[in-house]
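Please treat every number below as a calculation from the coordinates, not as lab data. Because the structure is predicted, anything quoted here is derived from the model rather than measured. In this analysis, Cβ positions are derived from the backbone assuming ideal geometry, glycine residues included, and neighbour counts consider all displayed protein chains.
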Amino acid sequence: MAPTPKSIKLAAGGNTLAVEWADGHVSRYPYQYLRSRCPCATCAGNARLPNAPVPGALPIFGVKPLAPARAELVGRYAVQIFWNDGHASGIYSFDYLRGLCPCDECAARTGK
Amino acid sequence: MPDNPNSLIPQVRYTIAVASGKGGVGKSTVAANLAVALHATGAAVGLMDTDVYGPSVPTLMGGNTAPHVIEGKIDPPVEFGIKIISMAYFLPKDEAIIWRGPMLHKTVRQFLGDVRWGELDYLVMDLPPGTGDIQLSLSQTILLTGAVIVSTPQDLALAVASKAIAMFRKLNVPILGIVENMSTFICPHCGEREDIFGHGGARQAAEEIAVPFLGEIPLNTAVRLASDSGRPIALDKNSPNGKAFREVAEALVEQVRLLSEQSAQGVKIQ
């Protein structure tokens, strides 16, 4: 079975989203880090194209700092994040999300 | 896109997907008979035919009642005490559905949210073959209790069944068990046993991949006759196949019970 979260905290302070996993591990994801790794077809597909636009790269008047507005579970395996700029097509599977954990321990293991 | 888990069917206790990967192994027959056998235990049961392209549940369950649409909600026909929904009800016999994915997704959502299921203990879902749009939509839209995998004993079918299992594992949907369908055939004339598609392959596969084995359904002309006449064999509890289906249903109920004890999955989002 893939890793499962116990709780997901959208505003865990310092512009991070925190996930507490069933095995006790806690992952903290900076918003920009998480958003730039959005797995949706638009983001993940474009990332492989040259000169692809970076989401949120162009500042617009009155733009709010990037943050997740809300999140919903997708079945038993994933969470969908609705960003405050309207982007919401990214479905982050728990497996993928755990693999993204930027903590030193996980980064050392995955070599990322 | 997904709502809060199970908000579409808040009154349904357990949702069970009957899947196989491969076509023609008897998913619909197993789904219909499991629904009947579960109902025989006293449970309130619904049967949802999610095979939009090749719906066969209404043939298996008989009856000519069309669903009524009242105030935008569908009243499902009830056969043998089981509430049923199927695309077949909305389509003339010789018409075909030729749709791409997004329409399938919408249909799945409608079959869940726009049907008056009422309070159900079990909603049995007959899935189409494969690991595609319908399977993904279902797994994303609701918290499936689990999946029952149907396979014939032969390697060809088992190899494809393992793809379905891999899909459900990836989607975190528990595998409630494997059913071996079209198992041993006993000749009605001479009584000789013939393993047309082999025998025991599914049991062995279940052991190898560590999932429960729910039972064997013998290959028997009586099943085909009962299915074509719209009266599932599980209604006849004294027939060998009726008995086999009831045993599989009992094993399934036990797996559901075990699972609901150990997994209280509620991810809190704050």
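Figures for the structure shown
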read-out	value
Stokes-Einstein D in µm²/s, Kirkwood radius over Cα pairs - the stretch B:29-96 at 4 °C with 1.567 mPa s viscosity	104
Overall Cα dimensions of the stretch B:12-259 - principal axes, largest extent first, Å	56, 39, 36
Other-chain or far-sequence residues with amide H under 5 Å of A:Val74's (modelled H)	A:Val79, A:Gln80
Long-range amide H partners of B:Met125 with built H, under 5 Å	B:Ile16, B:Ala17, B:Val18, B:Met48
Hull shadow area, averaged, the stretch B:98-188 [alpha-carbon convex hull, nm²]	8.4
A:Ala108-A:Lys6 FRET efficiency (beta carbon distance; Förster radius 22 Å; 0.05 resolution)	0.40
The stretch B:5-120: mean projected area of Cα convex hull, nm²	7.7
Rounded to 5, percent antiparallel among DSSP beta bridges of the stretch B:12-259	20
Cut-off under 5 Å, modelled amide H: who pairs with A:Ala69 long-range	A:Phe82, A:Trp83, A:Asn84
Cα-Cα separations in the protein assembly as shown greater than 38 Å, expressed as whole percent	26
